[in-house]
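Shown next, in structure tokens, is the structure this report addresses.
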Amino acid sequence: MPHVNVTVIGNAPTQEQKSALFSKISNLLVTVLGPTRKLTLVSVRTEPATNWSVGGDEAEDAGLVGVEAVIRTVAGSSVQNRARMIEETTTVLREVLGTPILPLFVVMEEIAPESWGYNGKTIAQIRAERGSGSFFRKDRRRVAASMIAIPTILTLAGDQ
């Protein structure tokens with residue numbers, strides 16, 4: 001269940017740009033890391049440049065100041081796939097948003113299956129139950145319904 005948080009520093013992206021980010025980053029997650037599309041989550045938020053500093057100096061509000069993407073995924077992807085995800089996410093961000101004044105950052109955080117969960121269970125527990133067959137048979141409708149709802153939960157803090 002990869003989750004990508006994109007923070008845009010400076011001018012807020014348009015709804016068209018956000019839609020492009022949602023689609024293109026979700027496609028990348030599926031292509032590079034392999035989850036089904038309905039298990040991907042992408043959020044975009046905007047912060048004023050004045051909330052950031054570089055070297056202790058307050059950033060000036062001058063258009064697109066910076067972009068940071070944090071990709072959280074369950075541990076286990078290869079070094080090559082992590083590098084590809086960082087490279088291709090950077091390309092998508094530049095294509096959709098443009099080139100910011102500051103360096104564009106993409107960070108991958110891999111989280112142990114014992115440290116990530118949803119619906120009250122860790123990924124490790126869900127995998128163990130699915131492997132035994134009990135989780136999938138017993139809870140597949142509830143899990144499917146919750147996974148379908150995830151793409152609609154998009155954090156658009158810049159729209160407030």
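Peptide packing: for 74-80, 1-7, 87-93, the average count of neighbouring Cβ atoms within 10 Å per residue gives the ranking 1-7, 87-93, 74-80, highest mean first. Considering only alpha-carbon pairs that sit under 8 angstrom and 6 or more positions apart, the relative contact order computed for the range 29-139 is 23 percent.
The range 84-132 and the range 1-46 have Cα centres spaced 10 Å apart. Calculation over all alpha carbon pairs of the range 9-53 in 5 angstrom steps from 0 returns a P(r) of 5, 21, 22, 17, 14, 12, 7, 2 percent. Give me the net charge for the shell around GLU114: Cβ to Cβ below 12 angstrom, other residues only, Lys and Arg +1, Asp and Glu -1. Once all neighbours under 12 Å are counted, the net charge is +2.
Applying the Kirkwood pairwise sum to the alpha-carbon positions of the range 1-116 produces a hydrodynamic radius of 14.7 angstrom.
Just so you know, all these numbers are worked out from the coordinates, no wet-lab data involved. Everything numeric here is computed off the predicted structure, so don't read it as measured data. All Cβ positions, even for glycine, are placed from backbone atoms using ideal geometry, and neighbour counts span all protein chains on display.
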